[in-house]
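The block underneath contains the structure these notes are about, expressed in structure tokens.
The values are calculated or read from the model by the stated rules, or taken from the named source; none is laboratory data. This one's a predicted model, so the numbers in the text were calculated from it and none came from an experiment. Backbone-built Cβ (ideal geometry, glycine too); neighbour counts: all protein chains shown.
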């Protein structure tokens, strides 16, 4: 997850990503009426928040504003392309874009982790898809980073270096399980760095201990740490691996283990 709120792909691609994450976000979106739906001759754009998010007024308002800004910007761009490149739209094709916000965990009755799934088809061989995360402080009523939970997260420092090592180990294990690990081709590792803004979108993982987090989850869309055909990945770093670098606030919120349901669905 970025220090600052992020700014500003066909359903099969994002559905595969959701299944890998153990969510049914598109199934929910298909049953739910989108919270934002914009349509023109050039595009169909929607934004959906899950019901758990909607029960939190402050969080819901913030995420709807984030989604509306994205939707309005892309509708304007699609309409511009409709005028500039009418040949693309001549057979009735349109841009298709969707954002889905899902609540992944609530820790200490205060810190809410949100996963944002996004897909967009604007032409080309296949849709684009990806993830972003938000960590919402429900006491301060604003998004925050994970920095307060650590004594230091300096770029290339000891904590970030250790976290990156654990992330890569988790990804390698998953790639081996998918038979997608090739030691002679480790180019994917260069796309993640021991820097908070370069290591990948992060959220607080659920835990078997109520009110706690079992560690950090890092979410990677297609292309982020592998080929498009590999789909999305999630890396898990248990809180015990983070312990030497946790601040008093971090020690207070981490504990327990990752639920078996989370493990089996990944």
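Counting only residues that are assigned to a loop (DSSP other than H, G, I, E, B) and under 15 Å from residue 39 (Cα atoms), which one in segment 80-102 is modelled with the highest pLDDT?
Let us first name the residues in segment 80-102 that are assigned to a loop (DSSP other than H, G, I, E, B), namely 85, 90-94.
When the remaining residues are screened for being under 15 Å from residue 39 (Cα atoms), the result is 92-94.
Numbers: 92: 88, 93: 90, 94: 93.
Ranking the candidates gives 94 first.
Does at least one position in segment 151-163 carry a residue that is assigned to a helix (DSSP H, G or I), within 20 Å of the chain's Cα centre (by Cα) and either assigned by TED's automatic domain parsing to the domain that holds residue 34 or at pLDDT 95 or above (or both)?
Start the filter on segment 151-163 by keeping residues that are assigned to a helix (DSSP H, G or I), which leaves 158-163.
Those left that are additionally within 20 Å of the chain's Cα centre (by Cα): 160, 163.
Imposing the further condition that a residue be either assigned by TED's automatic domain parsing to the domain that holds residue 34 or at pLDDT 95 or above (or both) reduces the set to 160, 163.
Among the residues of segment 151-163, at least one is assigned to a helix (DSSP H, G or I), within 20 Å of the chain's Cα centre (by Cα) and either assigned by TED's automatic domain parsing to the domain that holds residue 34 or at pLDDT 95 or above (or both), which makes the answer yes.
Would you mention how many residues in segment 214-266 are touching a helix residue (DSSP H, G or I) at 6+ places or on another chain (Cβ under 6 Å), under 18 Å from residue 145 (Cα atoms) and assigned to a helix (DSSP H, G or I)?
Summing the residues that are touching a helix residue (DSSP H, G or I) at 6+ places or on another chain (Cβ under 6 Å), under 18 Å from residue 145 (Cα atoms) and assigned to a helix (DSSP H, G or I) in segment 214-266 gives 3.
Got a sec? Which of 46, 60, 113, 105 is assigned to a helix (DSSP H, G or I) and either under 23 Å from residue 223 (Cβ atoms) or at pLDDT 95 or above (or both)?
After ruling out the rest, the residue left standing is 60.
Sort out which residues of segment 171-213 are assigned to a helix (DSSP H, G or I) and out of contact with any helix residue (DSSP H, G or I) (no Cβ under 7 Å at 6 or more places or on another chain), and write them in order of number. Show your work before the answer.
The first filter runs over segment 171-213 and keeps only residues assigned to a helix (DSSP H, G or I), leaving 171-177, 187-191.
Result: 171, 172, 173, 174, 175, 176, 177, 187, 188, 190, 191.
So which residues in segment 216-246 are more than 16 Å from residue 191 (Cα to Cα) and buried (at least 24 other Cβ atoms within 10 Å of the Cβ)? Give the steps one after another, and end with the answer.
Within segment 216-246, the first condition is being more than 16 Å from residue 191 (Cα to Cα), and the residues that meet it are 216-217, 229, 236-246.
Of everything in segment 216-246, those that are more than 16 Å from residue 191 (Cα to Cα) and buried (at least 24 other Cβ atoms within 10 Å of the Cβ) turn out to be 216, 217, 239.
From 194, 127, 201, which residue is outside the structural domain of residue 250 (by TED's automatic domain parsing), under 20 Å from the mean Cα position of the chain (by Cα) and either at pLDDT 95 or above or crowded, with 16+ Cβ neighbours inside 10 Å (or both)? It would help to see each step written out before you state the result.
Working: 194 fails: outside the structural domain of residue 250 (by TED's automatic domain parsing); 201 fails: outside the structural domain of residue 250 (by TED's automatic domain parsing).
Testing whether each residue is outside the structural domain of residue 250 (by TED's automatic domain parsing), under 20 Å from the mean Cα position of the chain (by Cα) and either at pLDDT 95 or above or crowded, with 16+ Cβ neighbours inside 10 Å (or both) leaves just 127.
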